[in-house]
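Since the structure comes first, as structure tokens, the remarks are kept for the end.
The values are calculated or read from the model by the stated rules, or taken from the named source; none is laboratory data. Keep in mind it's a predicted model, so treat the numbers as computed, not measured. Backbone-built Cβ (ideal geometry, glycine too); neighbour counts: all protein chains shown.
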Amino acid sequence: MRSLKKIVTAAFLLLTFAGVAQGQPKKVIADKISGIVGDKIILYSDIRNSLADIVRQGGQVPENAECMLMEQAIISKMLMLQAQKDSLPVTDEEVEADLDNRIRTYINQFGSQEALEEVAGKTIYQIKDDARESVKEQKLAQAMQRKIVDNVRITPIEVKAYFEKIPKDSLPFYETELEIGQIVLYPKASRDLEQYIAGEMNNYKKQIETKITDFCRLAKQVSEDPGSKDRCGQYQINRTEKTWDPIFLSTAFRMKEGEISSPVKSKFGFHIIQMVQRNGDDAIVRHILRIPPVTEEEINQAKGKLDTIRSKIIAGTLGFNEAATKYSDDEAAKYTGPFITNREGSPFVTIDMLDKEMVAMLAKMKVGEFSQPTPFESEQGKKGVRIVFLKSKSEPHRMNLKDDYSKISTFALEEKKSQTLDKWIKNKLPTYYVMIDPGTAEECPQLKKFDGETKAF
């Protein structure tokens, strides 16, 4: 049985920002009502625009995608209506924060606010207004889903029973997976080098202000931020975003449009910042980043500090997690712990997810060992030193209870949650008025599950 949890989650993602899609000329569609749940309608344009968005983003569209999305939409509307009946709390502030986050995501995808507005054929405010009700409905449905399944638990007996139901020839094959922790230090450059870079940044500012050059050209020539230099150093930022350095944010939001800051030092290096456009807590800025170079002397000092930390860990006087929280300059270690995770947040990673330097290091290590302090360079080109802990390493194998209990337990729990949600839907369905367009009902056999409560119109 298809996981209803996955169905509903996908619906929340795919039906988001239909207003953006509707602004694109290639997506103009003669609209109609495909279904009704209670007093809520499901538009055919919503389904088609969601499919177009999947294609635009490079996703794969299954043959029965329209039917799947229709099923998702019906379930989502039911959850939302029940959340309203149960008075589940979703505040206007939560909705606005969600809208702002999604707008920023779209701006990053299209490159700028202007590009997004051009593609959508609407202003940012119109896009948000068009999407506001949809986003609130989605958040209500999410809240209801959490209420239904959050207390579902799984026992070892259920995990074993779940595993034994899987046909032996269908058991997945897993490549080598590793649990890897690291403690990272990023040495600071000498004061003399910092002053030299700050002086260069002041010179850049004078060149721009005297029109010897312009900000865009200079950013492309000298900025050491690979994520923005090719687009003139430009970013869309929000005052409340915690991913930005607080000094960078506070400096930017003190400036007027067109103003260029004096050199400011953040955890990444030295910046000069130009305020391009500001609208409340949202702004478009440009920046030039220079990173003061770290010499061999600073690298060796960091190696010495990490060697002392490593000795304490091996001696048992300092725990690895505790050491990472206390000493690591890796931001992720402060919040999610020192272990590298995959996209799903699991600490079990494969070799292809690691940088080449770490792969070479791990080839010489045994499970349970801690590496010597080793210099490396981050993806952003920042020089650092790290010690690596190889906690576990699995051999290539078929799924089994001994090696993969944690994964199997997660799968079993998801299935149990899906069954719980499925049961809830089946019990609640008779209490809702559901109608489906005859053409849609004929084309989508999976909608027969609503027979008895569903009416065609």
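Kindly indicate whether any position in segment 389-410 is under 29 Å from Glu164 (Cβ atoms), touching a Lys or Arg at 6+ places or on another chain (Cβ under 6 Å), crowded, with 16+ Cβ neighbours inside 10 Å and charged (D, E, K, R). Scanning segment 389-410, I find no residue that is under 29 Å from Glu164 (Cβ atoms), touching a Lys or Arg at 6+ places or on another chain (Cβ under 6 Å), crowded, with 16+ Cβ neighbours inside 10 Å and charged (D, E, K, R), so the answer is no.
Scanning segment 157-215 for residues that are under 30 Å from Glu298 (Cα atoms) and of a type in the set (A, V, I, L, M, F, W, C) yields Ile180, Ile183, Val184, Leu185, Ala189, Leu193, Ile197, Ala198, Met201.
The sole residue among Phe389, Phe348, Phe411 that is touching a Gly at 6+ places or on another chain (Cβ under 9 Å) and of a type in the set (A, V, I, L, M, F, W, C) is Phe389.
Scanning segment 341-373 for residues that are within 19 Å of Asp404 (Cβ to Cβ), among the β-branched types (Val, Ile, Thr) and either within 18 Å of the chain's Cα centre (by Cα) or in a helix (DSSP H, G or I) (or both) yields Thr341, Val349, Ile351. For segment 329-340, the tally of residues that are farther than 12 Å from Glu177 by Cβ and in a loop (DSSP other than H, G, I, E, B) stands at 5. Touching a Leu at 6+ places or on another chain (Cβ under 9 Å) and assigned by TED's automatic domain parsing to the domain that holds Phe348 - does that describe any residue in segment 418-427? No; the residues of segment 418-427 include none that is touching a Leu at 6+ places or on another chain (Cβ under 9 Å) and assigned by TED's automatic domain parsing to the domain that holds Phe348.
You will find that of Ser76, Ser87, the residue that is among the hydroxyl-bearing types (Ser, Thr, Tyr) and surrounded by 13 or more Cβ atoms within 10 Å (Cβ to Cβ) is Ser76 and no other.
Listed conditions (1) touching a His at 6+ places or on another chain (Cβ under 9 Å); (2) assigned to a loop (DSSP other than H, G, I, E, B) are all met by Thr243, apart from (1). When segment 112-165 is filtered for residues that are outside any helix (DSSP H, G or I) and among the acidic types (Asp, Glu), only Asp150 remains. For segment 283-305, a residue qualifies if it is of a type in the set (Lys, Arg) and either within 29 Å of Asp214 (Cα to Cα) or out of contact with any strand residue (DSSP E or B) (no Cβ under 8 Å at 6 or more places or on another chain) (or both), and the qualifying residues are Arg286, Arg290. Within segment 119-176, count every residue that is surrounded by 14 or more Cβ atoms within 10 Å (Cβ to Cβ) and in contact with a strand residue (DSSP E or B) (Cβ under 9 Å, 6 or more places away or on another chain). Final tally of qualifying residues: 4. Hey, could you check segment 261-275 for residues that are aliphatic (A, V, I, L, M) and buried (at least 20 other Cβ atoms within 10 Å of the Cβ) and say which is nearest to Tyr125 (Cα to Cα)? Looking at the filtered set, the residue picked out is Met275. Checking the structure you have, find out if any residue of segment 250-269 is under 22 Å from the mean Cα position of the chain (by Cα), under 19 Å from Ile107 (Cα atoms) and either part of a loop (DSSP other than H, G, I, E, B) or among the hydrophobic types (A, V, I, L, M, F, W, C) (or both). No, the conditions are met nowhere in segment 250-269. With respect to the conditions (1) in the same structural domain as Lys267 (by TED's automatic domain parsing); (2) of a type in the set (A, V, I, L, M); (3) closer than 28 Å to Pro375 by Cα; (4) in a strand (DSSP E or B), Ile237 lacks only one, and its number is (3). Given the structure, is Ile212 more than 30 Å from Arg102 (Cα to Cα), among the β-branched types (Val, Ile, Thr) and in contact (Cβ under 8 Å) with a residue 60 or more places away in the chain? Spelling it out, it is not the case that Ile212 is more than 30 Å from Arg102 (Cα to Cα), among the β-branched types (Val, Ile, Thr) and in contact (Cβ under 8 Å) with a residue 60 or more places away in the chain.
Meeting the requirement of 3 or more residues that are of a type in the set (Lys, Arg), the strands (runs of 3 or more DSSP E) wholly within segment 382-457 are 383-393.
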